[in-house]
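Take a look at the structure below.
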Amino acid sequence: MFEETAVLAAVTILGILQQAHFCLQVISARRKFSVRPPATSGPAEFERVFRAQANCSEYFPIFVAVLWLSGLFFSQGLASACGLLYLYARLSYFRGYSRSPQQRLLPLYFSALLLWILLGTSCLGVLLVFLRLYLKLDVLEHFSGLLTLLKGSEEPPSVAQDPK
Ligand SMILES: CC/C=C\C/C=C\C[C@@H]1O[C@H]1/C=C/C=C/C=C\C/C=C\CCC(=O)O
Ligand SMILES: N[C@@H](CCC(=O)N[C@@H](CS)C(=O)NCC(=O)O)C(=O)O
């Protein structure tokens with residue numbers, strides 16, 4: 001049963017490793033710029049790394065929740081692809097922010113878009129299950145029935161073959 005969700009699990013593990021990487025970057029920036037806990041302010045270079053890590057970890061629980069919801073209720077393939085792109089966007093965000101605030105913006109927009117896609121597909125997936133369970137309405141079945149009907153009306157009428 002769990003094996004079926006192995007791809008989502010792999011993306012989640014990758015995300016956790018990325019969080020660990022961001023934490024290690026902050027530890028190293030603290031050493032480099034001599035900013036000892038509990039201080040959170042210092043040179044701009046340090047503060048950018050500090051904020052980048054804080055912002056990424058702030059969104060991590062939301063990311064994990066929508067990754068799994070979308071993967072379980074909508075499509076594991078789509079959710080995993082969005083998840084991998086999201087992790088790539090977050091890495092670019094972290095690296096960009098470490099260089100300058102301006103360079104964080106493009107990956108930030110991209111990561112936000114992916115998060116909203118995952119949230120949207122989660123909502124749609126859960127809604128479809130509710131409709132099926134409580135209203136006995138299988139939207140996907142109706143939809144595929146409609147598609148078959150439309151496809152059928154486009155095809156030329158078949159000529160009955162005379163069996164020999
Ligand atoms: C699925 C997300 C769930 C909860 C979070 C809710 C809202 C947060 C928005 O989705 C995030 C989108 C963020 C997009 C930000 C875009 C631009 C930032 C604006 C200005 C920056 C300008 C600057 O600092 O230079
Ligand atoms: N911790 C965030 C809280 C607000 C928030 O989540 N803002 C979104 C942008 S709308 C964000 O991802 N901010 C991070 C950033 O601007 O780099 C912040 O410091 O800006």
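The values are calculated or read from the model by the stated rules, or taken from the named source; none is laboratory data. Keep in mind it's a predicted model, so treat the numbers as computed, not measured. Every residue, glycine among them, receives a Cβ derived from its backbone with ideal geometry; neighbour counts consider all protein chains shown.
Mind telling me which of the residues G42, G15 ends up being surrounded by 12 or more Cβ atoms within 10 Å (Cβ to Cβ) and under 21 Å from the mean Cα position of the chain (by Cα)?
After applying the criteria, what remains is G15.
Scan the stretch 79-89 and give yes if some residue there is modelled with pLDDT of 95 or more and in contact with a Pro (Cβ under 7 Å, 6 or more places away or on another chain), otherwise no.
yes
Checking Y88 against (1) in a helix (DSSP H, G or I); (2) farther than 16 Å from A112 by Cα: exactly one of these is not met. Which one?
Single failed check for Y88: (2).
Please identify the pairs in which a residue from the stretch 57-78 that is part of a helix (DSSP H, G or I) has its Cβ atom under 6 Å from the Cβ atom of a residue that is small (G, A, S) and at pLDDT 95 or above, counting only partners at least 6 apart or on another chain.
Final answer for the pair search is V66/S122; L67/A79; L67/G83; L69/S122; S70/A79; S70/S122; G71/A79; F73/G125.
With L72, L114, L85, L106 as the choices, which residue is within 12 Å of ligand 1 (Cβ to nearest atom) and either crowded, with 17+ Cβ neighbours inside 10 Å or under 30 Å from F2 (Cα atoms) (or both)?
L114
Residue under question is P37, and the condition is that it be farther than 17 Å from W116 by Cα, within 16 Å of ligand 2 (Cβ to nearest atom) and in contact with a Lys or Arg (Cβ under 9 Å, 6 or more places away or on another chain); does it hold?
No: the conditions fail for P37.
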